[in-house]
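Visitor: I have a structure I would like to understand better, so I am pasting it below and will then ask my questions one at a time.
The values are calculated or read from the model by the stated rules, or taken from the named source; none is laboratory data. As the structure is a prediction and not an experimental result, all values here were calculated from the model. Using ideal geometry, Cβ is built from the backbone for each residue, glycine included, and neighbour counts are taken over all protein chains shown.
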Amino acid sequence: LFYFCISALQRHFFFILFSDQNNAPIKAEPGDNVVLTCKDPDQGKIKIAEWKRTDLGSSGSVLLYKDDQLDPGAQHPSYRDRVDLLCNQIMKGDVSLLLKNTTTDDSGTYECRIDTEKLEGKLISTVSLQVSPPPPPVQQVKVKSGEESVLLPLKVPHRLWFYKVEWRDGDNRTVHVYQNGSDQPGQQDKIYRTRTKMDENLLKTKNLSLTLRQPTYGDRGIFTCRVY
């Protein structure tokens, strides 16, 4: 059996991830919507509420609520039109942050502080957000003993630009390299030399499939393709 990983992933689900309020980390994938929880335990009337990201320093304002409305003036540009408070919850002391369409750049530690009639600049919530891309899917390819070759299929979108393609096996050995318009056999591991082939016109066809000749039991494992 041969396995390989491809980078393309289609996502068909819409959901919102909710965090805990007590420094509990929340993990998300790019494109997810997340809610970072911040609730006043006394449920008092909130005069000012501000969410900040600690690693952005003085420019790290994510959302500022004061005078009964959102104030975008001091907001970091990367969060504009992507953050909001939960609908109709602020009167209950809930200023949880809705962050839409997350990216890997959103990863960090977020702090929520509020002003009420009893509190001023009180730190209510600290939430760690980690946005990581999902692992690539794995497709299984079966090979019968004695076959002359096996094809590890992979096609990428035509809009994807790249200059180098590299296939590696599960032991991180270089299986095949295509760069600067041609194969680079000098970069291959010796056990794969003269045994691999790719589309000669792959920069146009976007067909990155790899043909492995004379497959053996020792070739079984996970094969990964990367583009640069």
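Visitor: Given the conditions (1) exposed (fewer than 12 other Cβ atoms within 10 Å of the Cβ); (2) assigned to a loop (DSSP other than H, G, I, E, B); (3) at pLDDT below 85, report the number of the one that GLU120 does not fulfil.
Guide: It fails just one condition, (3).
Visitor: Continuing with this model, one more query. In the range 129-147, how many are on the phi < 0 side of the Ramachandran plot and not in a strand (DSSP E or B)? Spell out how you get there, then give the answer.
Guide: Applying the first criterion (on the phi < 0 side of the Ramachandran plot) to the range 129-147 yields 129-145, 147.
Going one step further and asking which of them are not in a strand (DSSP E or B), we end up with 132-137, 142-145, 147.
Going through the range 129-147 one residue at a time, the tally reaches 11.
Visitor: When the residues of the range 114-143 are narrowed to those that are of a type in the set (Gly, Ala, Ser) and within 17 Å of the chain's Cα centre (by Cα), which ends up farthest from SER96 (Cα to Cα)?
Guide: From the range 114-143, those of a type in the set (Gly, Ala, Ser) are 121, 125, 128, 132; that's our starting set.
Okay, now just the ones that are also within 17 Å of the chain's Cα centre (by Cα), so 128, 132.
Working: SER128: 14, SER132: 22 Å.
By that ranking, first place goes to SER132.
Visitor: For VAL95, which of the numbered conditions (1) within 30 Å of GLY44 (Cβ to Cβ); (2) at pLDDT below 90 fails to hold?
Guide: Every condition holds for VAL95 apart from (2).
Visitor: Could you look through the range 196-222, keep only residues that are among the charged types (D, E, K, R) and closer than 15 Å to VAL143 by Cβ, and pick out the one that is surrounded by the most Cβ atoms within 10 Å (Cβ to Cβ)?
Guide: Start the filter on the range 196-222 by keeping residues that are among the charged types (D, E, K, R), which leaves 197, 199-200, 204, 206, 213, 219-220.
Checking the rest, the ones that are also closer than 15 Å to VAL143 by Cβ come to 213, 219-220.
Values: ARG213: 13, ASP219: 18, ARG220: 14.
Checking each candidate, the answer is ASP219.
Visitor: Now for a different question. Could you look through the range 148-195, keep only residues that are of a type in the set (Lys, Arg) and assigned to a strand (DSSP E or B), and pick out the one that is surrounded by the most Cβ atoms within 10 Å (Cβ to Cβ)? Let's see the steps before the verdict.
Guide: Taking the range 148-195 as the starting set, the residues that turn out to be of a type in the set (Lys, Arg) are 155, 159, 164, 168, 173, 190, 193, 195.
Then drop every residue that is not assigned to a strand (DSSP E or B), which leaves 155, 164, 168.
Working: LYS155: 14, LYS164: 12, ARG168: 19.
Only one residue tops the list, namely ARG168.
Visitor: Please list, ordered by first then second residue, the pairs with beta carbon atoms under 6 Å, 6 or more apart or interchain, first in the range 201-223 and in contact (Cβ under 8 Å) with a residue 60 or more places away in the chain and among the small types (Gly, Ala, Ser), second surrounded by 16 or more Cβ atoms within 10 Å (Cβ to Cβ) and outside any helix (DSSP H, G or I).
Guide: Listed pairs, sorted by first residue: GLY221/ASP169.
Visitor: Let me ask something else about it. Working only within the range 198-228, note down all residues that are in contact with a Lys or Arg (Cβ under 8 Å, 6 or more places away or on another chain) and on the phi > 0 side of the Ramachandran plot.
Guide: If the condition is that a residue be in contact with a Lys or Arg (Cβ under 8 Å, 6 or more places away or on another chain) and on the phi > 0 side of the Ramachandran plot, then LYS206, GLN214 are the ones that fit.
Visitor: Report, ordered by the first and then the second residue, all pairs with beta carbons closer than 6 Å, sequence separation of six or more or different chains, a first member in the range 128-142 that is more than 19 Å from ARG220 (Cα to Cα), and a second member that is charged (D, E, K, R) and at pLDDT 80 or above.
Guide: GLN130/LYS27; VAL131/ASP106; PRO134/GLU29
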